[in-house]
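Notes for the one structure printed next.
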Amino acid sequence: GVDLTGRVVLVTGGARGLGEAYVRGLHDAGARVVVADVLVDQGRALAAELGEGARFEELDVTDEAAWERVVERTAGDLGGVDVLVNNAGIANAAPIEHLTLAKWEAVMAVNATGTFLGCRAVVPVMKAAGRGSIVNISSVEGKRGSPRLHGYTASKFAVLGLTKSLAVELGPSGIRVNSVHPGLVLTDMSVKIDPERLDIPLGRPGLPQDVVGAVLFLASDASSWVSGAEIVADGGMIA
Ligand code: NAD
């Protein structure tokens, strides 16, 4: 497996679901992991279970000032931020006539603006170190259109576009920026989706563990010449 010994990795939305799986995988690979989430009890419990090399930070990714605080504390205590995984996200689904402005704004705020704020907050620390890896979690819905997912799709395409521009701008500073596009993964977010309705060539929906390898690869030096890339992990669904 990949070796992330001593690397400092911050995972947003790390308290449950896919984020929790990334946290566990990164910790197993030797990284010092910061679980950042609005879910305080679950995030604290996860960090406590992992013990040494894991800590929890309360973070709402839409809160600009909170980002500054969390990055400052992490860099101050742990010596830097080597990897940021922008995973926090929310979904909503409605036919366009029923998509309220409030729902549109909420999904854009967490998925798109939250990812922007995270990238912006860690860049000075990564520039100072002369290296860094940012892994932005988009979705298969950040690569194609789907009914009822307008706000979600727009926010996940925004993540892809942000990733591409940052990869170009930050490459000369030694910072790599890539995106991961999971397909249907069984978590709290996807409970309403019936996997039987989807045509998944590999024959099953994903489990959070199925996406961990993509994140580990992009976090580690195994991907040292990879930037601006998209890794789709979807069982072949959008091939
Ligand atoms: P989930 O709902 O189980 O977990 C999302 C996590 O993000 C939760 O811990 C939640 O507390 C946290 N979060 C939400 N809003 C936040 C905020 N404002 N600030 C900080 N944390 C916040 O969902 P999941 O399925 O694990 O999804 C994780 C990511 O993967 C999301 O970005 C999602 O869009 C993406 N994704 C999921 C699937 C899927 O099928 N489950 C597919 C493609 C992409």
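Taken as a whole, the condition of being within 16 Å of the ligand (Cβ to nearest atom), of a type outside the set (Ser, Thr, Tyr) and over 20 Å from HIS27 (Cα atoms) applies to PHE116. One residue alone among SER133, SER139 is within 11 Å of the ligand (Cβ to nearest atom) and either closer than 21 Å to LEU26 by Cα or without any contact (Cβ under 8 Å) to a residue 24 or more places away in the chain (or both), and that residue is SER139. Selection over segment 142-174 of residues that are under 21 Å from ALA219 (Cβ atoms) and within 16 Å of the ligand (Cβ to nearest atom) gives a count of 6. State whether the residues of segment 94-115 include one that is farther than 24 Å from ALA229 by Cα, in a loop (DSSP other than H, G, I, E, B) and of a type in the set (A, V, I, L, M, F, W, C). Yes, segment 94-115 has at least one match. When LEU50, LEU26 are screened for being buried (at least 20 other Cβ atoms within 10 Å of the Cβ) and either more than 21 Å from PHE157 (Cβ to Cβ) or of a type in the set (D, E, K, R) (or both), only LEU26 passes. Restricting attention to segment 112-152, the residues that are surrounded by fewer than 20 Cβ atoms within 10 Å (Cβ to Cβ), under 16 Å from the mean Cα position of the chain (by Cα) and among the polar types (S, T, N, Q) total 1. In summary, strands (runs of 3 or more DSSP E) completely within segment 1-85 and bearing 1 or more residues that are more than 13 Å from the ligand (Cβ to nearest atom) and free of Cβ contacts under 8 Å to residues at least 60 places away in the same chain occur at 32-37, 54-58. Restricted to segment 160-197, and to residues there that are of a type in the set (S, T, N, Q) and assigned to a helix (DSSP H, G or I), the residue that is surrounded by the most Cβ atoms within 10 Å (Cβ to Cβ) is THR163.
Here is a yes/no grid of residues against (1) closer than 18 Å to SER138 by Cα; (2) in contact with a Gly (Cβ under 9 Å, 6 or more places away or on another chain); (3) among the aliphatic types (A, V, I, L, M):
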site: THR163; (1), (2), (3): yes, yes, no
site: GLY171; (1), (2), (3): no, yes, no
site: LEU186; (1), (2), (3): yes, yes, yes
site: VAL191; (1), (2), (3): no, no, yes
site: ASP194; (1), (2), (3): no, no, no
site: LEU198; (1), (2), (3): no, yes, yes
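Read the figures in this text as sums done on the coordinates, not as results from a lab. Keep in mind the model is a prediction, meaning the values are calculated, not measured. When we count neighbours, we look across all protein chains shown, and the Cβ atoms used for this are built from the backbone with ideal geometry, even at glycine.
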